[in-house]
Amino acid sequence: MDRIFAQLRFLLRLLQVRPKILICCTYELLPIACFLKPLLNYKIVYDVQENYTLNLDLNPELSKVKKRKAAGLIQSAESMEGVDLYLLAEKCYAEEMPEKKPFLVLENKFQGELKLKTPFHLKGKRVIRFCITGTITPAFGVGDAVVWFNKILENFPEFELVIAGHCPLLSFRETLEIAAKENPGISLQLDQNPIDHEELISVMTSSDFVLLPYQNHPAIRNKMPTKLFECAALGIPVLVSPNPIWRNFWQISVADIRLTF
C-alpha cells in the first residue's frame, strides 16, 4: 500500500517544488512524471539502474503469470513519452534497451579514497576468510559458493566464509541458515532490507578474498558488478566466475593466477 501512496506523495511534491529538472530513479514514478510534464514544463531524466524486465527471471519465486504481469507494468511505465535523457548504469543496457535514447552511460564505479596495496602472499596463513556481499540470491551464485566452500573445508577446515547483505527471498535465507548451522565456518549477516553500504565494505576489507560466483545468466553476464570496481579500488583480491568481460577488466587471464596455501 505504501508504494501506492508514494505515487500521491510524489505528485504533491512535484506540484510543491515545481522543478526544472526531474531525475526519476525508478520506473514506478515515470507515469506521473510524464503526466505532469506539460503542466510544470520540466525536463525528465530517467536513471535506468537495472534492466527490470530481464531481472524478473532472477526471481525463482515468481510464477510465469506474475512475471508476465510485472513485465507488462514495467514496459508500460518505461514507454511513457516525455523522457529527455536516459542515464544507463551499464554499457550493455544500450544494446538490451535500444529504444532508450538519447542516453549517457554512467557505470556504478567506486566512490571514495583509493587504497594502494603492496603484493602479498598467503604462505603460512592458517585461516583464510572469503566473503560474499550485496544482494544474496541463488542467481548470484551464493548457493554454488557454499558448495564450493564446503569442498575447500575438506582440506582446509579452518577457513571461513562470511555471507553479508540483502536477502529478499525468505526461503533462500532459511536454506543458508541451515547451511550455517551445519558448518561453523560459515557466518551470516543477512537482512530482508538493504544493509548499509559501509557495513558491506567493512566485511570486504576484513576478508582475504571477495567471491563473485555469479551464474552465467542473460540478466547478469554482460554487466559489470560494482564489487569489481570496489575490489580494484580497495586492493582486495577477488575470485570470479568465468566471464570474458570481467577478465578484460582485470587485464589478466585465469591462467596467470596461482594460489598457494
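Per atom type, the chain shows carbon and sulfur on 56% of its accessible surface, probed at 1.4 Å.
Quick check: from the Cα gyration tensor, does segment 124-209 come out rounded (a/c under 1.5), prolate or oblate? It comes out oblate by the Cα gyration axes. Within segment 196-249, the trypsin sites (Lys or Arg not before Pro) that combine a DSSP coil assignment with at most 16 other C-beta atoms in a 10 angstrom radius are Arg221. Restricting the GluC sites (Glu not before Pro) of segment 76-181 to loop positions (DSSP other than H, G, I, E, B) with no more than 15 neighbouring Cβ atoms within 10 Å leaves Glu81, Glu99, Glu107, Glu113, Glu154, Glu158. Projected onto planes of every orientation and averaged, the convex hull of the alpha-carbon atoms in segment 1-73 covers 5.6 nm².
For the chain, the solvent-accessible area works out to 61 Å² per residue, with a probe of 1.4 Å and every protein chain left in place. Which of Leu153, Thr26, Leu122 sits farthest toward the positive end of the charge dipole of the chain, with +1 on the Cβ of Lys and Arg and -1 on the Cβ of Asp and Glu? Towards the positive end, the residue furthest out is Thr26.
A simple charge model with +1 on the Cβ of Lys and Arg, -1 on the Cβ of Asp and Glu and nothing else charged puts the dipole of the chain at about 420 debye relative to its Cα centre. Largest mean-square fluctuation among Val240, Val48, Val65, in a Gaussian network model of the chain whose springs join Cα atoms under 10 Å apart, belongs to Val65. Cross-linked pairs Lys20/Lys100; Lys43/Lys227; Lys66/Lys109; Lys67/Lys223: Cα-Cα separations exceed 24 Å for Lys43/Lys227; Lys66/Lys109.
Take the alpha carbon gyration tensor of segment 55-174, find the square roots of its eigenvalues, order them as a ≥ b ≥ c, and report rounded if a/c is under 1.5; if not, report prolate when a/b exceeds b/c, else oblate. Oblate. Taking a ≥ b ≥ c as the square roots of the Cα gyration tensor eigenvalues, the chain comes out prolate, since a/c reaches at least 1.5 and a/b is larger than b/c.
The values are calculated or read from the model by the stated rules, or taken from the named source; none is laboratory data. None of these values were measured; they are calculated from a predicted model. Here the Cβ is made from the backbone with ideal geometry for all residues, glycine too, and neighbour counts use every protein chain on show. Side chains are part of the model used for accessible areas, which takes the heavy atoms of the whole protein and leaves out ligands, DNA and RNA. Shrake-Rupley method; radii C 1.70, N 1.55, O 1.52, S 1.80 Å.
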